[in-house]
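None of the figures in this text is laboratory data; all of them are computed from the coordinates on show. Values in this document were obtained by computation on a predicted structure and should not be read as measured data. Note that we place each Cβ from the backbone using ideal geometry, even for glycine, and neighbour counts take in every protein chain shown.
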Amino acid sequence: MFVTVTTIPVANEGQKAKIEENFKKNAPDLKEFDGFIGFEFWKQENEIKAVAHWESREALDNYLNSDKFHQHHGTHEKSSGEANGQGHENGHGPKIDYYDAETFA
């Protein structure tokens, strides 16, 4: 399994609610991609973590290189494969960590 953890700093409750609304709207689209396993949305006072589970890095790459990814993240070029942080009011974009993962139990 391959997991991404996107950490998004938030400045206030209004910004947090807006980001949550966008994720709720876009998350169902991930089911269209082969190899997508699931998605979690973790909230803390000053940050959000969006956690996506994929069968493999290749499955994630298919999403990262898709038009749908760029629609979700407001990017227009298929170059970086990562969100560009646009629209984050506090000036700090998301941080994305990648993990090879296994589940036990």
Nearest 20 debye, what's the magnitude of the dipole of the range 1-45 about its Cα centre given +1 on Lys and Arg Cβ and -1 on Asp and Glu Cβ? 100 debye
Could you pull out every one of the lysines with an alpha carbon less than 18 Å from that of LYS31, ignoring same-chain neighbours closer than 8 positions? LYS68
Hey, which aspartates and glutamates would be in cross-link range of LYS16, C-alpha to C-alpha under 16 Å, not counting anything within fewer than 8 residues on its own chain? GLU40, GLU45, GLU47, GLU89
Neighbours of LYS68 by Cβ distance under 10 Å: Lys/Arg at +1, Asp/Glu at -1, summed charge -3
Residues meeting the amide H criterion for GLY38 (H placed from the backbone, H to H distance under 5 Å, 5 or more places apart or on another chain) are HIS53
